[in-house]
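We did not get these values from a lab; they are worked out from the coordinates using the rules stated. What you are looking at is a predicted structure, and each value in this text was computed from that prediction instead of being measured. We place every Cβ from the backbone using ideal geometry, glycine too, and count neighbours over all the protein chains shown.
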Amino acid sequence: MLTAHQHPDFKGEAMIYPLDIATPAVGRDPAAGTEGSGGNVNTVLGPVPSQELGITAVHEALLSVVPGAQFAPDISIDRAEIFEVLAAKLRDFREHGGRTIVDSTGMFHGRDVKLYEALSRATGVHIVASTGMGPEEMLGGYFLTPQTNPPTPWPAERFAELFSKEITAGMVVPRVERRGPAGLVTTTADRSGMTPTEESLFRGAARAALNTGAPLSIRYGADALHDLGIVLEEGLRAGRVLVGDLDRADADGAALEAAKRGAFVGVDHVGLNDHPNYVNDAQRASLVMELVNAGQSHRIILSSNAIGVAKGLPEYHLPFSHVLSTFVPFLKQQGLSDEDAHRILVDNPRELLTHS
């Protein structure tokens, strides 16, 4: 087997894989026509017509590295090995019908755009990468203004400029260059409640989404509806926002209310069944069916928060295909129709990710 360093795709040379008829083209020319597509989605290989996305997992992590872990003496960052592990997991996702995966980790958590480009070419899976950051404890002192005492956070507009440029000019490869455009802005608040820095971060993320037409994904702090309200105050339409983490045990009905306000709701820890802070899959299925029965199937986003490769944090050995192979069949046993399954897996992610 070729290593990543030997792999032709690591040099930008396309490999040919047998594709079935339904497989979308990966890495098409950004200038290609998009008539009838309804808009484009930014992938690491450039914009593609949104109709080519197919079944999409919106909240996953390809490579997740705790900031600083790359310098730890007991942690190995072998990109060849990482490539092979991720390629196998993406091929498994594709074999189960998956066509697009979103790495929603944002900046500074291991995002490797060149690696993702090679993986997309090698596996036939569209990869959408993200900009953004949070919570505050993960930001580092650079994002506080040190000239004040006590330090104050960056203003929202500085965050907006940072994230917007990653969408319009390309994502930063540190100290080297910019590569493909980010397709999503993502940000997170502290579980104990949104801090002033995080409010600035959320407002900046919302402005970046508003300025560029990119979607926004938020991981709420203590109150999902409060945090949704913060980004909507910036003028962003609710339909451009994904409120994630709504399968937390303390969500308290926020999923239905967020859906009624027009936001997408993330039931996005599918497969996590033994964590005290989250409901289990049986409860997730009940939540999904509650939303469907309330006429909100067009607001549901399913994902598993799987981590392909983890460095500096525990491994999470859940396939990216778990939603497709296990959870959706279970939902169908609970009465989910094929039409609603298609809407949740294909139509809703496409609507969210298409740049407005």
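For an R0 of 35 angstrom, estimate the FRET efficiency from the Cβ-Cβ distance between T152 and N273 and round to the nearest 0.05.
Numbers: r = 42 Å, r/R0 = 1.19.
Given R0 = 35 Å and the Cβ-Cβ separation, E is 0.25.
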Could you point to the residue in Y316, V125, L62 farthest towards the positive end of the range 39-353's charge dipole, with +1 and -1 charges on the Cβ of Lys/Arg and Asp/Glu respectively? V125
Estimated FRET transfer efficiency when R0 is 25 angstrom, pair E95-K332 (beta carbons, to 0.05): 0.80
Say the dipole of the range 211-356 comes from +1 at the beta carbon of Lys and Arg and -1 at that of Asp and Glu; which of V270, V292, V346 then lies farthest toward its positive end? V346
In 20 Å bins starting at zero, report the fraction of Cα pairs in the chain per bin as a rounded %. 31, 61, 8, 0
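Please sort 69-75, 234-240 by packing, taking for each peptide the average over its residues of neighbouring beta carbons within 10 angstrom, highest first. Walk me through the numbers on the way to the answer.
Values: 69-75: 10.7, 234-240: 16.7.
Put in order of decreasing packing, that is 234-240, 69-75.
Cut-off is 10 Å between beta-carbons; in what order do D347, D103 appear when sorted fewest neighbours first?
Working: D347 16, D103 29.
Fewest-to-most ranking of D347, D103: D347, D103.
With charges set only on the Cβ (+1 for Lys and Arg, -1 for Asp and Glu), what does the dipole of the range 192-257 come to about its Cα centre, in debye to the nearest 20? The partial results should precede the final answer.
On the way: 6 positive and 11 negative charges, 81 e Å.
In total the dipole reaches around 380 debye.
Give, rounded to the nearest 20 debye, the magnitude of the charge dipole that the chain has about its Cα centre when Lys and Arg contribute +1 at Cβ and Asp and Glu contribute -1 at Cβ.
It works out to roughly 680 debye.
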Ranked by how many other beta carbons lie within 10 Å on average, peptides 130-137, 311-318 from highest: 130-137, 311-318
Who wins for biggest fluctuation among V292, V128, V231 in a Gaussian network model of the chain, springs between alpha carbons below 10 Å? V292
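Report, in deg cm²/dmol and to the nearest 500, the calculated mean residue ellipticity at 222 nm for the chain, where each DSSP H run with n ≥ 4 adds -39500 (n - 2.57) and the sum is divided by the residue count.
Working: 10 runs with 104 residues, N = 356.
Value at 222 nm, helices only: -8500 deg cm²/dmol.
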Output the pairs from K165/K311; K165/K332; K114/K260 with a Cα-Cα distance over 32 Å in this structure; if there are none, say none. K165/K332; K114/K260
